[in-house]
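First the structure, in the form of structure tokens, and then the observations on it.
The values are calculated or read from the model by the stated rules, or taken from the named source; none is laboratory data. Given the structure is predicted, the values throughout are model-derived calculations rather than measurements. Cβ placement follows ideal geometry from the backbone for every residue including glycine, while neighbour counts extend to all protein chains displayed. Quick note on the areas: whole protein, heavy atoms, side chains included, nothing else; ligands and nucleic acids left out. Shrake-Rupley method; radii C 1.70, N 1.55, O 1.52, S 1.80 Å.
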Amino acid sequence: MTAAQAPSDETTVIERPTVADPRPPSSLRRWTQRTLWSLGWLALIIGCTGVALHYTAWERREIVLAASFAPYFMVGSVIALVLLLIVRGWRSAVVACGAVIAAAATQLTLFVPDGSATFDVEIPVMQSNLLFGKANADTVVQAVRDNRIDLLTLEELTPEVMRRLEAAGLDAELPYRVVAPAGGGAGGGIYSRYPLADGVTLTGFSMSNVRATMMHPRRGPITVFQFHPMPPNLDFTAWSQELRRIRELLEATSGPAIVGADFNATFDHYAYRQLLTGRFSDAAELSGAGRLVSWPQRPGVPIIGIDRVLVADGQAEGIRSLIIPDSDHRAVIARLRL
């Protein structure tokens, strides 16, 4: 073997290109997990707050105003569940799952129709707040005409908008009325296709609230209420007292009855749900219409439902909202059967 053929003592080193570790450093992972876990628990607290606001009977102004938005708080429980599952916080996720179930239970009846009874006489009802009498009267009357409305309840009814409603042809559609017009937002009234008797402006309210008896040719006498309690943000004491007054009036009513109202309260207010503990039911709940939002229509999409139709000794086949130009409320149209 020659020197040229002698094996070399040197070892050949082949360098491979370095590949970055795709996993983030463990400290970054821990920080991310802790952040998501903390955000999950924050969202869970917000969600549980929404459930608590729905059930609380504590009449305090700030709590009542916050309860108007309880369903939006409840969304936090869903966000919490997602975040806690991402970080595999299993025990915390179980708590969040319980909060989701509790939140769903508060809203479930609004989405499940009640078809437990049938009634023969159909009565289409429309409820509308006219925003200090500024609402478009032509649209109101056209909606009455198109939907063959038998009963119309109005809030914030002024003498001036009454004249515009008459000029638009409301009297030809609904010739009978019991009204208490007033300036600003204080007026109210009932318009009917059938004769109205025993019309009265109810006492115990800051604004006009009226009651009458509609003499239906097939169903007979039906008690009709138009309610508009004081907004809680303007006078919380009056709002509380007037909702209690409404409950007293409803509890004292016998026979078939219909309520059209801007309650200035939502389904998530305990004081409102107390109105439904007796003979009266919410048309949106009966028909499974869900969260029928109606305010504020201006400047954007409404976010809470304060315009409602109630019925006693009856059923609701359906209910929907309708935009009324120049009003901050959507009208609601319910198809009742009594």
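Observations on the model:
- For the stretch 152-249: rounded, prolate or oblate by the Cα gyration tensor [a/c cutoff 1.5]: oblate
- Carbon and sulfur %, accessible surface of the stretch 226-335 computed with the full protein complex present, 1.4 Å: 51
- Exposure of Cys97 as accessible area (Å², to 10), given a probe of 1.4 Å and all protein chains: 60
- About its Cα centre, the dipole of the stretch 258-313 is roughly 100 debye, where the only charges are +1 on Lys and Arg Cβ and -1 on Asp and Glu Cβ.
- Apportionment of accessible area to carbon and sulfur, the stretch 90-151, percent (1.4 Å): 61
- For the residues Trp58, Trp295, Trp37, a GNM of the chain with alpha-carbon springs under 10 Å puts the largest fluctuation on Trp58.
- Under the membrane-span-like helix rule (DSSP H runs whose alpha carbons stretch at least 24 Å along the helix axis, mean Kyte-Doolittle hydropathy 1.6 or higher), the chain yields 70-86.
- Built amide H within the under 5 Å cut-off of Asp328, gap 5+: Leu131
- The stretch 226-297: C-alpha gyration tensor shape, a/c 1.5 cut-off, then a/b vs b/c: oblate
- Rolling a 1.4 Å probe over the heavy atoms of the protein chains gives the chain an accessible area of 49 Å² per residue.
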